[in-house]
Amino acid sequence: MVVYPGVMNQASSPRANEVDPDERMSLPGWLYRDEEFFAYEAKHLLRPSWQIVCHVNDIPKAGDYFTFEFLGESIIVLRGDDRAIRALHNVCRHRAARLVDGSSGHCGRRLTCRYHSWSYDLAGHLVGVPLRATYVGFDITAHDLKAVEHEIYHGFIFVRIAGSGPSVADMMAPYESEIATYRLKDLIPLGRVTLRPRTVNWKNISDNYSDALHINVAHPGLTRLFGRNYSIEAQEWVHKMWGRLRDEPSSNRSERMYQKYLPPVAHLAEDRQRLWVYFKLWPNVAFDIYPDQIDFMQFVPVSATSTIIREIAYAHPDIVHPDGLHPDQRREMSAARYLNWRINRQVNKEDTDLINRVQAGMASSSYEAGPFGATEVCLKQFARKYRALLPAARHRRSPPSGWSRDSVVPA
């Protein structure tokens, strides 16, 4: 079992065989708006977590790169001359200037700093220093770019800035056989990464993603598509949510056309041809898996009340296309992807309204924490794990300012 640092002298965790007094209660509201807690959470929970950057097919050629900004760190994932993929800090070792700009690009055979022209090869080794002889006692081998831990899981590239713990593969292990059926390694991007800022805490978005109770209340389109057969389950590191398209035509035109035109997918079993399934990997990465496309969605924390939703869609290629890899270009599949976008654009609008309402309520002096129903298994599991890793989260109201400086953090 992995133990993350926690605030050990602020709130006690239940001993073995004791009933957790907070088991039936949600996380308290102050955790969704307190900047001091956000800084503590960022250090001890978020920085040690796995974060998705891109897919290997986003950087197919040597010199292709993708960047990721997270909690003040700029990471570059780069394809080398040897075809290997590396994750490096996007920071020159001379004066800390950023090396590359933008979310993605191609750097040629060198990463060259625009400040003083220090240059690095595609493995991150420092290979060029102007006026090198003027640096007394200089060891060029001691100034390579700093590496970042990374893992490639079914083609998706994850990074972890700090800490240790289970691999992405270990975390996703309960669903390995299911994930394998989707041939994620073969995916190619449908477009570019989009960034959608939201003035809410990241946990607010995460909670909403795993919340099944609101589907039939606030998402009439999903209810028309799935009926009331929307299911959820929670594993230690992963939540799974899913719904199956009904045969009864929807009263909404976009939904009805999607039901009609969604074509069969050769590599999927019959029971997955019309299945929408969602996985949320602890703590803030999600995969939306549809028959027609697969998206990742990431809730990137910026501050206690600001988050960027980072996402991109992928599809399986048309392997018979003569001039390279292209998404499956059947007319029915193109139509299904467009209709999927129309349907989920409305769902996103509804969710944005919901999370804004919740964030506003979290600021109220009247709210401490709310009760969990027996069916809220994903939210309950998230809160349980969260309190275990950060016991200060057991406080119903925020402690006096400066509490985090006095906390005992185990090595």
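Restricting the stretch 268-290 to residues that are open to solvent by less than 10 Å² (accessible area, probe 1.4 Å) and either of a type in the set (Val, Ile, Thr) or out of contact with any strand residue (DSSP E or B) (no Cβ under 6 Å at 6 or more places or on another chain) (or both) leaves a set whose member that is farthest from Tyr182 (Cα to Cα) is Pro283. For the structure I just gave you, tell me whether Leu389 is touching an Asp or Glu at 6+ places or on another chain (Cβ under 8 Å) and either small (Gly, Ala, Ser) or closer than 26 Å to Ala212 by Cβ (or both). For Leu389, the condition - touching an Asp or Glu at 6+ places or on another chain (Cβ under 8 Å) and either small (Gly, Ala, Ser) or closer than 26 Å to Ala212 by Cβ (or both) - is not met. Among the residues of the stretch 246-267, those identified as surrounded by 14 or more Cβ atoms within 10 Å (Cβ to Cβ), in contact with a Pro (Cβ under 9 Å, 6 or more places away or on another chain) and not acidic (Asp, Glu) are Asn252, Arg256, Gln259, Leu262, Pro263, Val265.
Among the residues making up the stretch 26-44, a single one is over 22 Å from Gly370 (Cα atoms) and either buried (at least 22 other Cβ atoms within 10 Å of the Cβ) or aromatic (Phe, Trp, Tyr) (or both): Tyr40.
The set of residues in the stretch 45-55 being over 19 Å from Asn204 (Cβ atoms) and crowded, with 21+ Cβ neighbours inside 10 Å consists of Trp50, Ile52, Val53, Cys54, His55. Arg198 - would you say it is buried (at least 18 other Cβ atoms within 10 Å of the Cβ), farther than 19 Å from Phe287 by Cβ and touching a residue at least 60 places away in the same chain (Cβ under 8 Å)? Yes: the conditions hold for Arg198. Quick one: in the stretch 309-342, which of the residues that are crowded, with 20+ Cβ neighbours inside 10 Å, part of a helix (DSSP H, G or I) and of a type in the set (A, V, I, L, M, F, W, C) is modelled with the lowest pLDDT? Once the filter is applied, the top-ranked residue is Met333.
A search for C-beta distances below 6 Å between a residue of the stretch 88-111 that is within 14 Å of Val129 (Cα to Cα) and any residue that is among the small types (Gly, Ala, Ser), counting only pairs 6+ apart in sequence or on different chains, returns Arg110/Ser119.
Please specify each residue of the stretch 92-111 satisfying the condition of being over 16 Å from Val77 (Cα atoms) and either open to solvent by less than 40 Å² (accessible area, probe 1.4 Å) or more than 29 Å from the chain's Cα centre (by Cα) (or both). Once the filter is applied, which keeps residues that are over 16 Å from Val77 (Cα atoms) and either open to solvent by less than 40 Å² (accessible area, probe 1.4 Å) or more than 29 Å from the chain's Cα centre (by Cα) (or both), the stretch 92-111 yields His94, Arg95, Ala97. Look at (1) under 17 Å from Ala383 (Cα atoms); (2) open to solvent by 10 Å² or more (accessible area, probe 1.4 Å); (3) not aliphatic (A, V, I, L, M) and you find that Asn216 fails only one, number (1). When the criteria are applied in full, Lys185 meets the requirement of being in contact with a His (Cβ under 7 Å, 6 or more places away or on another chain) and not hydroxyl-bearing (Ser, Thr, Tyr).
Inspection of the stretch 386-397 finds no residue satisfying the criterion of being in a helix (DSSP H, G or I) and more than 18 Å from Pro28 (Cβ to Cβ).
The values are calculated or read from the model by the stated rules, or taken from the named source; none is laboratory data. Quick caveat: nothing in here was measured; it's all calculated off a predicted structure. Using ideal geometry, Cβ is built from the backbone for each residue, glycine included, and neighbour counts are taken over all protein chains shown. Remember, those area values only see protein heavy atoms, side chains included, never the ligands or the DNA or RNA. Shrake-Rupley method; radii C 1.70, N 1.55, O 1.52, S 1.80 Å.
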